[in-house]
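Data first, discussion second: the structure below is written as structure tokens.
The numbers here are math on the coordinates, done by the rules we state, and not lab data. From a predicted model like this one, the values you see are computed outputs, not experimental measurements. Counting neighbours? That spans all protein chains shown, and the Cβs are built from the backbone with ideal geometry, glycine included.
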Amino acid sequence: MPLKEIVRRTGHSRNLVRQISRGGGTDMFRTRQSTLDGHLPFLDAQWLGGCRNGAELWRRLKGQGFEGSLRVVAEWATRRRRAETISHQQLQKVPAARTIAQLMTTKRDHLTKAETVTLAVIEQNVPMLADAQALVGRFHAMIRKKAEMELEPWIDESKRSLIASFANGIANDKGAVHAAITQPWSNGQVEAQITKLKLVKRQMYGRAKLDLLQARLIGAP
């Protein structure tokens, strides 16, 4: 079944489904590799020891009492090798700014092995990006935890980083940001009504007058 269809049916993210399809260690979908579960520590040790050939791994597993087929082990080795493969050229090629931003704002457990290696190289060679990533993470945590006391120190520190323009925008609208952190109110309902209004207007090809829109939205005569 295509990954897109699996994502649609299960509701899981594409990254998670892709990782599982490549043979993740603990997942809920792997069935054909289930015979390897008890032998994964041994396989990992052999792999790290330099044995990367599927047939040789299978022969060594047979000596440990494994009763599965060569194909199962060969497929595991292929997925493991593919997940670890990232060429020197890929590391030397500078990713697009959009790609870097996506990598640095995605949870580590949702990244592939290649993406994790790329991100590590970026953080090592551009420390200012790593600092900016940490500041963005602190901002998210501050909003989620409603820690308004951290706002001022965060602004002061962020003004000296790569996200200075964002920090200046927060400082210029500090009152609204502070209220967003401390108050329970949200404009989500307003945005939902605006979305509904636009949907109704598009259904009428943009020709709706105010009285007709009012009638369709709130049932006014």
Toward the positive end of the charge dipole of the chain, about the Cα centre and with charges on Cβ (Lys, Arg +1; Asp, Glu -1), which of Leu3, Gly188, Ile155 goes farthest?
Leu3
Using the charge dipole of the chain (Lys, Arg: +1 at Cβ; Asp, Glu: -1 at Cβ; taken about the Cα centre), state which of Trp47, Val177, Leu199 has its Cα farthest towards the positive end.
Leu199
From the phi of every residue in region 40-51, what ³J(HN,Hα) in whole Hz does the Karplus formula 6.51 cos²θ - 1.76 cosθ + 1.60 yield, where θ is phi - 60° and glycine or proline is x?
4, x, 5, 4, 4, 5, 5, 5, 5, x, x, 7
Nearest 20 debye, what's the magnitude of the dipole of the chain about its Cα centre given +1 on Lys and Arg Cβ and -1 on Asp and Glu Cβ?
1120 debye
I want to verify a result. In a Gaussian network model of the chain, Cα cutoff 10 Å, which of these has the top mean-square fluctuation: Leu135, Leu61, Leu210?
Leu210
Excluding near-sequence neighbours (fewer than 8 apart on one chain), the chain holds lysine pairs with C-alpha atoms under 18 Å apart numbering 7
Most positive-pole-ward Cα, Val121, Val73, Asn168, against dipole of the chain from beta carbon charges:
Val73
With each run of n ≥ 4 DSSP H residues scored as -39500 (n - 2.57), what mean residue ellipticity at 222 nm is computed for the chain after dividing by its residue count and rounding to the nearest 500 deg cm²/dmol?
-19500 deg cm²/dmol
Short version: ³J(HN,Hα) in whole Hz for each residue of region 66-81, in order, from phi by Karplus 6.51 cos²θ - 1.76 cosθ + 1.60 (θ = phi - 60°), x for Gly and Pro, what are they?
5, 10, x, 8, 4, 4, 4, 5, 5, 5, 4, 5, 5, 5, 5, 5
Taking Rh as the Kirkwood radius computed over C-alpha pairs, what is the Stokes-Einstein D of the chain at 25 °C in a medium of viscosity 0.890 mPa s, expressed in µm² per second?
108 µm²/s
